[in-house]
Structure formats: structure tokens, C-alpha cells
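Right, one structure below, let's go through it.
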Amino acid sequence: MTTSATSLPRSARTWLSKEILGWAPIRPDLIFNSAGTKRAKISKNLEQAPEIIPLVDEEDVAERGLTSKAARYVRETNQLFVNLTYSAVASAQEDLELRYANYDDPEIVRELARQWSERLVMGRVGYAVVYAQAKQLIREWTPDDVKKALEPERLSLAADGWRDAVSTAYRSISRRLGAAKAPDEDEELVAA
């Protein structure tokens, strides 16, 4: 009778993994550097993820200078102000509402579409900021290049690319609504 490693008790699995397979489970106390060691420059996390502040009020949007722009990153405070009245949010919400228009409860569809459209745009803009910050470690990227990548116009372009990430929203909404499969675009064209 053969025994798989997962059917063994935890202590036996730990011993098996360490002694037989040559690896040990990750221990939290080994993740941090001990005193006196230096991390390689490439592994340093120079920046932390920004605090994302969604703006839904037109006055707040205008006050931050984000009318017809998706977001503004403030490096001094490490805050990312995201304009949820930006056209990409409305486009994503409309796309999601149309995709699930045949569902029985339009109120649930509307709410899920709103949540996911906001999440998509905030995610795209957030990733753009994090990736731009990471470019500081690359010698060919000057501080001016990084600053340009964090401008509101560049962040707006990132938000406009929401379609690249919408498949996650489709899967989540389909699961939430209990649909086995979201309608295929070809089927929608044939029905029209």
C-alpha cells in the first residue's frame, strides 16, 4: 500500500519534506534579514503601495483637478485619488450591465456592475502607479521618467485599458448570479 504525503500526519509530512525531499516549510522567523546583513539593491522595496482614495463627488473631482482624468498620484503623501466619475468607469459599468441584462433582478446586476467597474478602474490605475514606482530600480529610468509615468494623463490611459482585466469581473459576476456560463458574444450577435 502506498501512502501519499498529504495523507500523512502534519509532523510526518514536515519530516518527509525536510529529510527526504530536501526542503522545509517556510518559517516566518526566517523571512526577515538578521541584524548586520544587507539586502541587494534590486530586492529593496523602495515604495509602499499607495492609499487609494475614490472620488465620487463632482466637487471633489474638480477640486483635485481630475475633471476628465482618471486619477492623480500624490507622491508626498503616497495617496492615489481615483475619479470614479471618469468615462472608463461608466463604460465598464455599461458593458457589464449589457452582458447580464437577461438576469431576473436588474438591481443586483446594476450594483454588481457598479462595484466591478469601479474595482477594475482602481485596479488598473493602482497597478500603473506600483509599476511606475518599481521602475526607480532600473538604471535607464530617470526620476523624470518615473514622474512622467505617474502623471494623470498616463494614469488615465491605464484606466482606459479596463477591458484587458474585465474577464475577472465576468467570472465573478457569473458565479454570483449563478450563471453556468456568461453569454457568448457570438450568440448575442446571432440573437440580434
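The values are calculated or read from the model by the stated rules, or taken from the named source; none is laboratory data. This structure is a prediction, so every number in the text was calculated from the model and none was measured. Heads up, the Cβs are rebuilt from the backbone with ideal geometry, glycines too, and the neighbour counts pull from every protein chain shown. Heavy atoms of the whole protein, side chains included, go into the accessibility calculation; ligands, DNA and RNA do not. Shrake-Rupley method; radii C 1.70, N 1.55, O 1.52, S 1.80 Å.
The table below lists the values:
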read-out	value
Qualifying position, being of a type in the set (S, T, N, Q) and touching a Lys or Arg at 6+ places or on another chain (Cβ under 9 Å), among 78, 83	83
Residue 57 vs. criteria of a type in the set (Asp, Glu) and modelled with pLDDT of 55 or more	yes
Condition check for residue 124: within 30 Å of residue 176 (Cα to Cα), touching a residue at least 24 places away in the same chain (Cβ under 8 Å), within 18 Å of the chain's Cα centre (by Cα) and open to solvent by 80 Å² or more (accessible area, probe 1.4 Å)	no
Among (1) touching a Gly at 6+ places or on another chain (Cβ under 9 Å); (2) assigned to a loop (DSSP other than H, G, I, E, B) - the single one residue 104 does not satisfy	(1)
Options 86, 73: the member that is under 25 Å from residue 48 (Cα atoms) and touching a residue at least 60 places away in the same chain (Cβ under 8 Å)	73
Residues satisfying the stated conditions in the range 111-146, i.e. under 23 Å from residue 50 (Cβ atoms) and either of a type in the set (Gly, Ala, Ser) or in a loop (DSSP other than H, G, I, E, B) (or both)	117, 123, 126, 128, 132, 134, 138, 141, 142
Out of 88, 62, sole residue that is modelled with pLDDT of 95 or more and either among the acidic types (Asp, Glu) or within 28 Å of residue 175 (Cβ to Cβ) (or both)	88
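Residue by residue, here is whether (1) out of contact with any strand residue (DSSP E or B) (no Cβ under 8 Å at 6 or more places or on another chain); (2) open to solvent by less than 60 Å² (accessible area, probe 1.4 Å); (3) assigned to a helix (DSSP H, G or I) holds:
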position	(1), (2), (3)
69	no, yes, no
80	no, yes, no
85	no, yes, no
88	yes, yes, yes
91	yes, yes, yes
94	yes, no, yes
98	yes, no, yes
109	yes, yes, yes
